[in-house]
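Before any comments, here is the structure.
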Amino acid sequence: MLNLADAQTTLSFSLPAAANVSVEVVNTLQQVVATPASNQAFNMGTNSLMIPTATLANGIYTVHISAVTQQGAIYRTSVQLLIMR
């Protein structure tokens, strides 16, 4: 995911079932610098979430996405976010 000087970027993801989703943006020192979603309910299918980037310095970040369904299934993935201004 590349962000060229926008104040925010859109994260799109798909869920196989409705789930509570947490999203964290982590810098290269493994420090959490943003939490756009914390245990937020999302529907099954394609979803999107705005990630504010105005306060992030140029660099590479990892976006960790975790989802827990009502049945207890856990899904996790990570994507890279590159900020260039």
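State which residue pairs qualify: first residue touching a residue at least 60 places away in the same chain (Cβ under 8 Å) and inside the range 55-74, second residue part of a strand (DSSP E or B) and not hydrophobic (A, V, I, L, M, F, W, C) in any location, beta carbons under 8 Å apart, and separation of 6 or more residues or different chains.
Listed pairs, sorted by first residue: VAL63/GLU24; VAL63/SER78; VAL63/GLN80.
Starting from residues that are hydrophobic (A, V, I, L, M, F, W, C) and without any contact (Cβ under 8 Å) to a residue 24 or more places away in the chain, keep the ones in the range 34-51 and report whichever is farthest from SER12 (Cα to Cα).
ALA34
Can you give me the number of residues within the range 1-57 that are more than 20 Å from GLY72 (Cβ to Cβ), out of contact with any Pro (no Cβ under 9 Å at 6 or more places or on another chain) and assigned to a loop (DSSP other than H, G, I, E, B)?
So the answer is 13.
Does ASN27 satisfy being modelled with pLDDT of 95 or more and under 17 Å from MET84 (Cβ atoms)?
Taking the combined requirement at face value, the residue satisfies it.
Only one of LEU56, LEU15, LEU49 is under 9 Å from the mean Cα position of the chain (by Cα), among the hydrophobic types (A, V, I, L, M, F, W, C) and buried (at least 16 other Cβ atoms within 10 Å of the Cβ). Can you tell me which?
Going through LEU56, LEU15, LEU49 in turn, the sole match is LEU49.
The values are calculated or read from the model by the stated rules, or taken from the named source; none is laboratory data. Values in this document were obtained by computation on a predicted structure and should not be read as measured data. Cβ coordinates were reconstructed from backbone atoms using ideal geometry, including for glycine residues, and neighbour counts include every protein chain displayed.
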